[in-house]
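Worksheet for the structure shown next.
The values are calculated or read from the model by the stated rules, or taken from the named source; none is laboratory data. As the structure is a prediction and not an experimental result, all values here were calculated from the model. No Cβ is skipped: glycine too gets one built from the backbone with ideal geometry, and neighbour counts run over all protein chains shown.
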C-alpha cells in the first residue's frame with residue numbers, strides 16, 4: 001500500500017495536503033512504470049479527486065483485475081523461477097488489456113462526480 005502520512009502527504013491529483021479526517025483512496029504499486037496510468041500506482045488521493053478524475057474508473061477496473069490475478073496465483077509454486085514465470089504470464093494480460101484504458105486527459109481534468117466503490121484506505125486507516 002502507498003505510504004500515507006496525514007498532514008504531510010499530498011493528493012496525487014490536486015496536490016493539496018491530505019488531513020487525517022480526509023476520505024482517502026490509496027493503491028499499492030500494481031502497475032509498471034511504462035503503463036499510461038502508472039501515476040495512480042503506489043499513490044494516495046482524496047476520494048473526491050479520484051472519483052471525479054477521468055481515469056478513475058479505468059484505474060479501479062485495473063486494480064480489481066490485479067486483485068483477481070493475485071487471488072488466482074497457484075499455491076504450489078516453489079522456485080523463484082516458477083513464481084516469476086507465472087507472474088510474467090499473468091500480468092502480461094493485465095498490461096496488454098489495459099494499455100488503452102487511459103483516456104489521455106490531463107490528470108487534473110474534472111469529471112462527473114459519479115460515485116464508485118474505490119480504494120482501501122479512509123482517513124489514517126490501512
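On the basis of being surrounded by 15 or more Cβ atoms within 10 Å (Cβ to Cβ) and closer than 19 Å to residue 69 by Cβ, does residue 35 make the cut? Give the steps one after another, and end with the answer.
Numbers: surrounded by 15 or more Cβ atoms within 10 Å (Cβ to Cβ): yes; closer than 19 Å to residue 69 by Cβ: yes.
Yes, satisfied.
Number of residues in the range 30-68 that are closer than 10 Å to residue 13 by Cβ and free of Cβ contacts under 8 Å to residues at least 12 places away in the same chain equals 0. Only residues that are under 9 Å from the mean Cα position of the chain (by Cα) and not in a strand (DSSP E or B) were counted in the range 7-55, giving 12. For the range 56-69, the count of residues that are modelled with pLDDT of 90 or more and farther than 14 Å from residue 40 by Cβ is at least one.
For residues that are under 17 Å from the mean Cα position of the chain (by Cα) and either within 30 Å of residue 17 (Cβ to Cβ) or not in a helix (DSSP H, G or I) (or both), tally how many sit in the range 56-89. Let's see the steps before the verdict.
First, pick out the residues of the range 56-89 that are under 17 Å from the mean Cα position of the chain (by Cα): 56-71.
Next, only the ones that are either within 30 Å of residue 17 (Cβ to Cβ) or not in a helix (DSSP H, G or I) (or both) stay: 56-64, 66-67.
So the count comes out to 11.
The residues of the range 23-47 that are over 19 Å from residue 92 (Cβ atoms) and in contact with a helix residue (DSSP H, G or I) (Cβ under 8 Å, 6 or more places away or on another chain), listed by number, are 23, 24, 25, 27, 40.
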